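Novice: Can you keep this structure in mind? I'll have questions shortly.
The values are calculated or read from the model by the stated rules, or taken from the named source; none is laboratory data. Note that the structure is a prediction, hence the values are computed from the model and not measured. Cβ coordinates were reconstructed from backbone atoms using ideal geometry, including for glycine residues, and neighbour counts include every protein chain displayed. When the accessible area is computed, the model is the full protein with side chains, heavy atoms only, and any ligands, DNA or RNA have been set aside. Shrake-Rupley method; radii C 1.70, N 1.55, O 1.52, S 1.80 Å.
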2 protein chains.
Amino acid sequence: MAMLTPVSQDSFDRSRCSVAGTLAVVGEKWSLLVLREAFLGVRRFADFQQALGAPKAVLTDRLGTLVAEGVLRREPYQAEGARLRHEYRLTPKGRDLYPTLVALMEWGDRYLADGPPPLALDHRGCGAPVRVALRCDEGHEVAGPRDVHARPGGPAALPG
Amino acid sequence: MAMLTPVSQDSFDRSRCSVAGTLAVVGEKWSLLVLREAFLGVRRFADFQQALGAPKAVLTDRLGTLVAEGVLRREPYQAEGARLRHEYRLTPKGRDLYPTLVALMEWGDRYLADGPPPLALDHRGCGAPVRVALRCDEGHEVAGPRDVHARPGGPAALPG
DNA sequence: ATGCTGGGTTCGCTTGACGAACCTTGCTCG
DNA sequence: CGAGCAAGGTTCGTCAAGCGAACCCAGCAT
């Protein structure tokens with residue numbers, strides 16, 4: 001009857017939970033939207049502000065937090081005939097949040113759509129739509145939570 | 001030089017963005033953690049409260065919102081010798097947020113770890129670790145945002 | 001009747017989001 | 001030279017949201 005083995009309900013240390021940890025980094029309002037824009041190529045403060053409509057103070061704080069967390073890096077850059085400015089660019093750590101963003105987008109496309117999805121992702125070159133998938137290391141397709149066993153502890157409980 | 005085609009920076013209607021829409025549903029504080037617990041098999045108010053440590057008022061509000069959005073459903077249930085109570089269970093719409101949660105968890109495992117990941121996901125039966133992956137409909141592996149072309153508009157811009 | 005338990009609601013306090021206004025630096029234009 | 005302007009912030013007052021503690025209520029057990 002239980003969809004997932006409820007063993008984890010008691011023995012799993014929630015204070016170290018990676019979901020909570022990740023949300024502590026990118027879970028504040030605007031943070032993930034800032035990253036969405038970053039993935040779309042936005043780099044400058046004013047462009048983030050215009051795209052998002054977020055208050056400047058909040059945007060300053062979010063960008064600062066994301067830089068402090070190593071998700072973005074703040075780089076000086078030279079526009080010709082203009083003074084030195086900064087731009088915010090994704091680090092590899094930030095780029096690894098891409099599947100998360102795509103997963104959020106895909107869910108929204110499926111359930112919130114009042115029309116066609118506003119943004120489509122195509123595989124570069126091949127042109128086919130890109131989707132998130134769950135898969136195990138043996139290559140099997142994982143349909144959903146019912147196919148997954150959640151186990152507290154390390155990545156593979158090596159016996160003796 | 002641009003990592004992604006910046007065409008979308010102007011022509012993409014952000015007010016309808018699916019990332020923003022999804023975050024409007026599950027982006028408040030505690031919402032995604034409530035769902036994490038739901039995926040672990042938690043169903044009752046008191047169990048959510050104990051697992052999360054969230055204020056009751058906030059938890060009441062989040063559960064109510066998630067029910068109103070159709071992510072959870074509130075079901076009466078019968079414990080023997082006890083009065084009628086309710087439990088909160090994932091709907092199919094809620095279950096489809098699983099890849100999002102796994103993506104968040106995987107990122108946290110990779111970048112926030114001070115030790116082994118607190119929770120491991122294994123493919124039921126096969127036992128191999130479960131991961132999120134990006135793939136296109138042709139079956140190609142998609143490594144990251146550089147392999148993706150973001151295009152505003154419908155899922156496939158049908159010509160004429 | 002008394003208390004316990006699950007599932008909340010109410011209340012003050014503190015934190016965070018918000019928009020408008022202001023500031024600073026270094027261009028360009030007259 | 002000085003004025004104006006733009007990017008990138010900071011400051012301020014207001015208002016919503018999160019917080020923990022306390023309280024409430026229905027119904028079963030004693």
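Novice: Chains B and A: what accessible area do they bury, summed, in square angstrom to the nearest 100, with a 1.4 Å probe?
Specialist: Using a 1.4 Å probe, the pair buries roughly 8500 Å².
Novice: Could you list the GluC sites (Glu not before Pro) in segment A:63-121 that lie in coil according to DSSP, counting only those with at most 11 other Cβ atoms within 10 Å of their Cβ?
Specialist: Listed in order of number, the matching sites are A:Glu80.
Novice: A further question follows. With +1 on each Lys and Arg Cβ and -1 on each Asp and Glu Cβ, how big is the dipole of the protein assembly as shown about its Cα centre, in debye rounded to the nearest 20?
Specialist: Working: 42 positive and 38 negative charges, 127 e Å.
In debye, rounded to 20, the protein assembly as shown gives about 600.
Novice: In a Gaussian network model over chain A where Cα atoms closer than 10 Å are linked, find which of A:Ala103, A:Ala54, A:Ala128 has the largest mean-square fluctuation.
Specialist: A:Ala128
Novice: I've got another one for you. Output the Cα-based Rg and Dmax of the protein assembly as shown in Å, rounding Rg to one decimal and Dmax to a whole number.
Specialist: My reading of the Cα-based Rg and Dmax gives 20.4, 80 Å.
Novice: Same structure again: GNM on chain B, C-alpha springs below 10 Å: top fluctuator among B:Leu84, B:Leu35, B:Leu101?
Specialist: B:Leu84
Novice: From Cα coordinates alone, what are the radius of gyration and Dmax values for chain A in angstrom?
Specialist: 19.7, 68
Novice: Where only protein heavy atoms count, and the probe is 1.4 Å, what is the accessible area per residue for chain B in Å²?
Specialist: On a per-residue basis, chain B sits at 49 Å².
Novice: Continuing with the same structure: From other protein chains only, count the Cβ atoms within 10 Å of every residue's Cβ in B:32-44, then give the mean.
Specialist: Across the residues of B:32-44, the mean count of other-chain Cβ atoms within 10 Å is 5.
Novice: Can you tell me the dipole magnitude for segment B:36-160 around its Cα centre, using point charges on the Cβ only (Lys, Arg +1; Asp, Glu -1), in Debye to the nearest 20?
Specialist: Here segment B:36-160 has a charge dipole of around 460 debye.
Novice: Could you check which residue among A:Leu90, A:Leu72, A:Leu40 shows the biggest mean-square fluctuation in a GNM of chain A with a 10 Å Cα cutoff?
Specialist: For chain A, modelled as a Gaussian network with Cα springs under 10 Å, the answer is A:Leu40.
Novice: Also, I was wondering about something else. How far is A:Gly64 from itself in the other copies, in nm, if each label sits 7 Å out from Cα along the Cα-Cβ line, shortest first?
Specialist: In nanometres, ordered from closest: 3.5.
Novice: Further question: Where does chain A land at 222 nm, in deg cm²/dmol rounded to the nearest 500, when only DSSP H runs of n ≥ 4 count, each adding -39500 (n - 2.57), divided by all residues?
Specialist: -10500 deg cm²/dmol
Novice: Tell me the accessible surface of B:Val25 in square angstrom (1.4 angstrom probe, heavy atoms of protein chains only), to the nearest ten.
Specialist: 10
Novice: Only loop residues by DSSP count here, and only those with at most 11 other Cβ atoms within 10 Å; note down the trypsin sites (Lys or Arg not before Pro) in segment B:33-111 that meet that.
Specialist: Passing both the DSSP loop test and the Cβ count: B:Arg83.
Novice: Take every residue in peptide A:55-62, count the Cβ atoms of other chains within 10 Å of its Cβ, and give the average of those counts. Show your work: numbers first, answer last.
Specialist: Numbers: counts 0, 0, 0, 0, 0, 0, 0, 0.
Mean shielding count: 0.
Novice: For B:Ala46, which inter-copy label distances result when the label point lies 7 Å beyond Cα on the Cα-to-Cβ vector, reported in nm to one decimal and in ascending order?
Specialist: Once sorted, the set of distances for B:Ala46 reads 5.9 nm.
Novice: Next up: Could you tell me which residue out of A:Ala150, A:Ala82, A:Cys136 lies farthest along the dipole of chain A toward its positive end? Charges go on the beta carbon: Lys and Arg +1, Asp and Glu -1, centred on the Cα centre.
Specialist: Positive-most Cα among the choices belongs to A:Ala82.
Novice: If you don't mind, there's one more thing I want to ask. At a Förster radius of 56 Å, what calculated FRET efficiency corresponds to the Cβ-Cβ distance of A:Arg83 and B:His86, to the nearest 0.05?
Specialist: E between A:Arg83 and B:His86, to the nearest 0.05, is 0.35.
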